């Protein structure tokens, strides 16, 4: 499922029969009098009330889903690894301070704060896109991803801290320390490689969480209005669900199967990387 998602995202222009929203060609079904039509051989997922092909919208939005999953995971795991490594290795006062900060983020009403900050930053942003190496990066969506990531790192940081605390007492760590290895060297070259299996598993689960939270934020109307993500597609069709259900159901199914795929991959990696389970 994940391979299919990546392929669809890469070749979305060739797989979608209509252009993405924002292009006048996306409204061709409207000009042909086919707005609000149910699924058919011509429009596999039907058409929306504004006259776009829902299948094309879902395919084009897969690009933003991959962008959300990978960028959000990178930001979240960087914070997790940094906090977990430092707290687990040094312990005592530093550990207490970092864990108290982590607990504050754990008890925050994260979704409410994400919605507030997302609305503030997306409204204050004047330019919808920035061109980097020929790629149009959505500024509003990037800000939403960053905000979501800042509130998603705390629970996994505690997991990494526990792994580091178990490793720092290992004989090879003590031997390296006695040979004069610095704390940074021990953390980066000796401890981090040994917790990579756990980091990889947590990364896949983080991808699922990031995609789901971003879809929820967009569905509630607090996402980037300039990017047609799956959450935005659901939000735009929510008012007419009773009559044009396909405009809501198919983007929702796309979110469901994507989150399911990331969770299944996380479970599979956890089993594969746990030697006790392999036995």
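Taking the structure as given and computing Rg and Dmax of the Cα atoms in Å, which label from [x] 18.7, 60; [y] 22.1, 78; [z] 24.8, 81 fits?
Entry [y].
Using only alpha carbon pairs under 8 Å that are at least six residues apart, calculate the relative contact order of the chain and give it in whole percent. Provide the component values of the computation, followed by the final result.
Working: 378 pairs, mean separation 61.8, N = 279.
Contact order relative to length: 22 percent.
Helix 92-107 against the longest principal axis of the chain: what's the angle in degrees, Cα atoms only, rounded to the nearest 10?
For helix 92-107, the angle is close to 20 degrees.
Once you put a point 7 Å from the Cα of residue 166 and another 7 Å from the Cα of residue 100, both along the Cβ direction, what distance in nm separates them?
2.8
In a Gaussian network model over the chain where Cα atoms closer than 10 Å are linked, find which of 63, 144, 107 has the largest mean-square fluctuation.
For the chain, modelled as a Gaussian network with Cα springs under 10 Å, the answer is 107.
Select from 265, 77, 234 the residue whose mean-square fluctuation is largest in a Gaussian network model of the chain (Cα-Cα springs shorter than 10 Å).
Comparing 265, 77, 234 in the GNM, the peak value goes to 265.
Between helix 139-150 and the chain, what is the angle of the helix's C-alpha long axis to the longest principal axis, kept within 0 to 90° and rounded to the nearest 10?
Once rounded, the angle reads 40 degrees.
Who wins for biggest fluctuation among 169, 152, 235 in a Gaussian network model of the chain, springs between alpha carbons below 10 Å?
Comparing 169, 152, 235 in the GNM, the peak value goes to 169.
None of the figures in this text is laboratory data; all of them are computed from the coordinates on show. All values reported here derive from a predicted model rather than from experimental measurement. Heads up, the Cβs are rebuilt from the backbone with ideal geometry, glycines too, and the neighbour counts pull from every protein chain shown.
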